[in-house]
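Chemist: One structure, as structure tokens, below. Some questions next.
The values are calculated or read from the model by the stated rules, or taken from the named source; none is laboratory data. No experiment lies behind these values; they were computed from the predicted model shown. Glycine also receives a Cβ, built like all others from the backbone with ideal geometry; neighbour counts cover every protein chain displayed. Accessible surface is based on the protein model in full, side chains and every heavy atom, while ligands, DNA and RNA are left aside. Shrake-Rupley method; radii C 1.70, N 1.55, O 1.52, S 1.80 Å.
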Amino acid sequence: MKKLMICRHGKSYWGDASLTDHERPLAKRGLRDAPMMAKRAHANHIIPEKILTSDALRAKMTAAFYLESYEKLDIPYEISPNLYMSSVKEHLNEVKKTSDKIDTLFIFGHNPALTQLINSFGEKLDNLPTAAVFGFKFDVDHWKDITQANATFWMYDYPKNLSTKTS
């Protein structure tokens, strides 16, 4: 069984026109929501065995809050430029390169590709909100074999979800 957690970066800062899109950091709301979502996942015993993130600053900042939440577990962390401004196919290629020793992978990136990735696995979502997470389980032993046919909805959470509690 493989588990994929698709994580959108927190709300980004648009207040400095001199920054490129790639250089934009998290906004105040992103700095609030990203650590909250990391703590919520941890409190619900959703544990990554590897974190893979886009190389854009806002995605790396979001992933860093998850690394901090799981710091005692020494989670492997990788930055990939292939998760920035890329297609669903490119996202899948990155995921499918994951070692089969890893059963639970968290990827951090951007819309519209993340919403499209979720839809490609058979779930209907109009928009993955900032700082939201969406998970799938795949009834396979190898990452290279993940498809819509073996994907099962696992979980969905987002900052304004009032039904989620953390301890």
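Chemist: For Lys2, list the lysines whose Cα falls under 16 Å from its own Cα; do not include residues on the same chain fewer than 8 positions away.
Modeler: In chain and number order, the partners are Lys50, Lys96, Lys97, Lys101, Lys137, Lys144.
Chemist: Calculated FRET efficiency, Thr20 and Glu78, Cβ-Cβ r, R0 25 Å, to nearest 0.05?
Modeler: 0.65
Chemist: Per 0.36 nm of contour for each residue apart, how much would the distance between Met85 and Asp100 grow if the chain were fully extended, relative to their Cα-Cα spacing?
Modeler: Contour length minus Cα-Cα distance gives 2.8 nm.
Chemist: While we're looking at this one, here's another question. Once neighbouring chains are kept in place and the probe is 1.4 Å, which whole percent of the accessible area of the chain is contributed by carbon and sulfur?
Modeler: Its accessible area is 52 percent carbon and sulfur atoms.
Chemist: What accessible area per residue, rounded to a whole number of Å², is obtained for segment 1-151 using a probe radius of 1.4 Å?
Modeler: 48 Å²
Chemist: Cα atoms only, segment 43-137: Rg and Dmax in Å?
Modeler: Expressed in Å, the Cα Rg and Dmax of segment 43-137 come to 12.7, 36.
Chemist: Let me ask something else about it. If you plug each phi of segment 71-80 into the Karplus form 6.51 cos²θ - 1.76 cosθ + 1.60 with θ = phi - 60°, what whole-Hz ³J(HN,Hα) values come out, in order, with x for Gly and Pro?
Modeler: For segment 71-80, the Karplus curve yields 4, 6, 9, 6, 6, x, 9, 9, 9, 10 Hz.
Chemist: So how exposed is Arg29, as accessible area in Å² (1.4 Å probe, rounded to 10)?
Modeler: Rounded to the nearest 10, the figure is 100 Å².
Chemist: For the pairs Lys72/Lys124; Lys3/Lys39; Lys89/Lys124, flag any whose C-alpha to C-alpha distance is greater than 29 Å.
Modeler: The answer is Lys72/Lys124.
Chemist: Now a separate question. So how much accessible area does Thr147 have, in Å² to the nearest 10, using a 1.4 Å probe?
Modeler: Number for this one is 60 Å².
Chemist: With every protein chain kept in the model, how would you rank Met155, Met5 by accessible area, 1.4 Å probe, largest at the top?
Modeler: Ranked list, largest accessible area first: Met155, Met5.
Chemist: Select from Lys60, Lys97, Lys39 the residue whose mean-square fluctuation is largest in a Gaussian network model of the chain (Cα-Cα springs shorter than 10 Å).
Modeler: Maximum fluctuation in the GNM of the chain, among the listed residues, is at Lys97.
Chemist: Now a separate question. Please list, in chain and number order, the residues 5+ apart from Tyr84 or on another chain whose amide H is under 5 Å from its amide H, with Hs placed from the backbone.
Modeler: Asp55
Chemist: Another question about this same structure. Per residue of segment 25-42, what does 6.51 cos²θ - 1.76 cosθ + 1.60 with θ = phi - 60° give for ³J(HN,Hα)? Whole Hz please, x for Gly and Pro, Karplus curve as stated.
Modeler: Running phi through 6.51 cos²θ - 1.76 cosθ + 1.60 with θ = phi - 60° gives x, 6, 7, 3, 5, x, 5, 8, 6, 4, x, 4, 5, 4, 5, 5, 4, 4 Hz.
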